Amino acid sequence: MTSASASEGKTTTALTLARNFAQLGRRVLLIDADLRNPSLHRVLGSDNSMGLSNFLAGGIKPAAAIKPTKTLRLTFIPSGPLPPNPAELLAGPKMVSLLSLAGEKFDQVIIDGPPIMGLADSPILSNLASGTLLVVEGGSTRIATAKEALKRLFGARAHVVGALITKFDVRVSGYGYGYGGDYGGYQYYAYGGTPTPQRLTKA
């Protein structure tokens, strides 16, 4: 999970999807990989003194970073203390090892990554993940910004599975408004009037 910029609803979306999958009976691991401005631990009311950054730096084993939640079958890994070199840690072999191990132990692994613009972290994560969902704040994120975010993801060879509009307000968007374009070989559409998610299809 990523977004073009901060405060677009990315973490809330990641947690909601994780809870929904868990309620469907799937074993879910939610990872807070935003090593610059983490927030999942606050939302879940959990301690953040130990987590992903500790494991990536070689300080702990994966099991020591995993924490339970109040939702059955949903566990999560907090970000841990903020490191001085987030991109370097995420690009290291331990992140690949963690995702490989998690894929064997869990039915669904959801990564809450940082925003895509201006940082190397999310391109690294999107390249490692089997799919990337771009979160876009309705009525706030500019079309040019969303296009640039998609361009960065495609440049990282991310498998973009779609885009999701958050904070959509039909009263602000107006009825029947729409736009579209071709970005990186994908056709991208967004429509107002109904809370229809943006759609990405290969051209």
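A few remarks follow.
- Of all residues in the range 16-39, those being crowded, with 20+ Cβ neighbours inside 10 Å, in contact with a strand residue (DSSP E or B) (Cβ under 7 Å, 6 or more places away or on another chain) and either at pLDDT below 95 or in a loop (DSSP other than H, G, I, E, B) (or both) number 3.
- MET117 being aliphatic (A, V, I, L, M) and farther than 23 Å from VAL135 by Cβ: no
- Among (1) without any contact (Cβ under 8 Å) to a residue 12 or more places away in the chain; (2) under 23 Å from GLY162 (Cα atoms); (3) not aromatic (Phe, Trp, Tyr), the one test that GLN23 misses: (1)
- Enumeration of residues in the range 115-140 that are more than 15 Å from ALA14 (Cβ to Cβ), of a type in the set (A, V, I, L, M, F, W, C) and assigned to a loop (DSSP other than H, G, I, E, B): MET117, LEU119, ALA120
- Scan of the range 24-66 for residues that are farther than 19 Å from MET95 by Cβ and of a type in the set (S, T, N, Q), ordered by number: SER39, SER46, SER49
- A residue that is farther than 18 Å from SER3 by Cβ, among the polar types (S, T, N, Q), at pLDDT 95 or above and not in a loop (DSSP other than H, G, I, E, B) can be found somewhere in the range 53-67.
- Check on LEU90, under 21 Å from ASN127 (Cα atoms), in contact with a Phe, Trp or Tyr (Cβ under 9 Å, 6 or more places away or on another chain) and not charged (D, E, K, R): no
- Conditions (1) surrounded by fewer than 15 Cβ atoms within 10 Å (Cβ to Cβ); (2) in contact with a Lys or Arg (Cβ under 9 Å, 6 or more places away or on another chain); number of the one not met by GLY51: (1)
- Qualifying positions in the range 1-15 - out of contact with any Gly (no Cβ under 6 Å at 6 or more places or on another chain) and outside any loop (DSSP other than H, G, I, E, B): SER3, LYS10, THR11, THR12, THR13, ALA14, LEU15
- Filter pass, LEU89 being under 19 Å from ASN54 (Cα atoms) and buried (at least 19 other Cβ atoms within 10 Å of the Cβ): yes
- Residues located in the range 63-79, provided they are in contact (Cβ under 8 Å) with a residue 40 or more places away in the chain and either crowded, with 17+ Cβ neighbours inside 10 Å or within 18 Å of the chain's Cα centre (by Cα) (or both): THR71, ARG73, LEU74, THR75, PHE76, ILE77, PRO78, SER79
- Residues satisfying the stated conditions in the range 111-129, i.e. in contact with a Leu (Cβ under 9 Å, 6 or more places away or on another chain) and either crowded, with 23+ Cβ neighbours inside 10 Å or not hydrophobic (A, V, I, L, M, F, W, C) (or both): ILE111, ASP112, GLY113, PRO114, ILE116, ASP121, SER122, PRO123, LEU125, SER126
The values are calculated or read from the model by the stated rules, or taken from the named source; none is laboratory data. As the structure is a prediction and not an experimental result, all values here were calculated from the model. Don't worry about glycine lacking a Cβ; one is built from the backbone with ideal geometry, like all the others, and counts go over all protein chains shown.
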